[in-house]
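To start, the structure itself, in structure tokens.
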Amino acid sequence: MKVLLIEDEPKMVQTLKKGLEEHQIEVDFALDGITGLMLSDQSEYAVIISDIILPGGVTGLDVIRQIRYKGNQTPVILLTALGLTDDKIAGFDAGADDYLTKPFEFRELLVRIKALSRRKNGNFANQSILRYADIELNLDAKTCTRSGLNILLTPREFALLEYFLRNSNRVISKSEISEKVWNLDFDTGTNVVEVYVNFLRKKLEKGFNQKVIHTQFKNGYILRTEE
């Protein structure tokens, strides 16, 4: 496995590179976003790991946006000291797959790298179109429709809806969503899950009489049509 590390702190680069290589993970690294973008174009990586605040005028969020614009779907983990809910939402909206706040334990980063690399290698069911009631999600074209109307979703909203569709008519807890969609241990101090469920609910239900995402008090959420 080979990963790309974009981090401007040389000591952290050295520490992470050494730790990952001890687990048979090859590491290319860049000390700024511009170099990181160049490397992402030149090689194929299992995972890209990036800080948000980088020198040279190209941030970690810029890196994600640009590689996604080019069609590069390599999983991205953001490593950053920015840990507010709004910071996490900005990262996920840019196209990040995971978010780890500094300081962090190395073994946690290692677990998340392995989880994302398995996802890239096809551990999810190989279906290109998911449907439930009048909702259709095209995983290849990255499009969503309801009753034939296009609904624009951010990458994180798209991933959340995909999980709901794969688990329709079943109550899904916040901790399960956090783990399966964000690859994060559930943090009771953040409301990221609630925020994104509300974002998705508004987009799916605006202009429609029938609700599809329901809150189960103290249990989580369920995708189902109303009786």
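Data table
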quantity: Entries in 88/114; 2/206; 11/88; 114/202; 2/180 that, when Cα-Cα distance is taken, lie over 31 Å; calculated: 2/206; 114/202
quantity: Pair residue 104, residue 139: separation of 7 Å Cα→Cβ label points (nm); calculated: 2.5 nm
quantity: If the convex hull is drawn through the Cα atoms of the stretch 68-117, its volume per residue in Å³; calculated: 68 Å³
quantity: 11 Å cut-off, amide nitrogen to a point 7 angstrom out along residue 225 Cα→Cβ, residues in the stretch 129-161; calculated: 132-135
quantity: In Å, descending, principal axis extents of the Cα set of the stretch 1-136; calculated: 52, 32, 30
quantity: Peptide ranges 191-197, 16-22 listed from the most packed, as the mean C-beta count within 10 angstrom indicates; calculated: 191-197, 16-22
quantity: Burial ranking of peptide ranges 93-101, 61-69 (average Cβ count within 10 Å, highest at the top); calculated: 93-101, 61-69
quantity: About the Cα centre, charge dipole magnitude for the chain (Lys/Arg +1, Asp/Glu -1 at Cβ), debye; calculated: 760 debye
quantity: Under the Karplus curve 6.51 cos²θ - 1.76 cosθ + 1.60, θ = phi - 60°, whole-Hz ³J(HN,Hα) for the stretch 80-92, x wherever Gly or Pro sits; calculated: 7, 7, 7, x, 6, 4, 4, 5, 5, 4, 4, x, 5
quantity: Average accessible surface area per residue within the stretch 33-169, 1.4 Å rolling probe, Å²; calculated: 48 Å²
quantity: Listed peptides 202-208, 47-53 by packing density, highest first (mean Cβ within 10 Å); calculated: 47-53, 202-208
quantity: Leading residue at positive end of dipole, the chain (Cβ point charges), from 16, 150, 192; calculated: 150
quantity: Fraction of antiparallel bridges per DSSP, the chain only, in percent to nearest 5; calculated: 45 percent
quantity: Carbon + sulfur, % of accessible area of the chain - ligands and nucleic acids excluded, 1.4 Å; calculated: 50 percent
quantity: Hydrodynamic radius by Kirkwood, which averages 1/r over all alpha carbon pairs of the chain, in angstrom; calculated: 18.5 Å
quantity: Mean shadow area of the stretch 22-82 over all directions, Cα convex hull, nm²; calculated: 4.5 nm²
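The values are calculated or read from the model by the stated rules, or taken from the named source; none is laboratory data. All figures in this text were calculated on a predicted structure; none of them were measured in a lab. Cβ coordinates were reconstructed from backbone atoms using ideal geometry, including for glycine residues, and neighbour counts include every protein chain displayed. Ligands, DNA and RNA are excluded from the accessible area calculation, which covers all protein heavy atoms including side chains. Shrake-Rupley method; radii C 1.70, N 1.55, O 1.52, S 1.80 Å.
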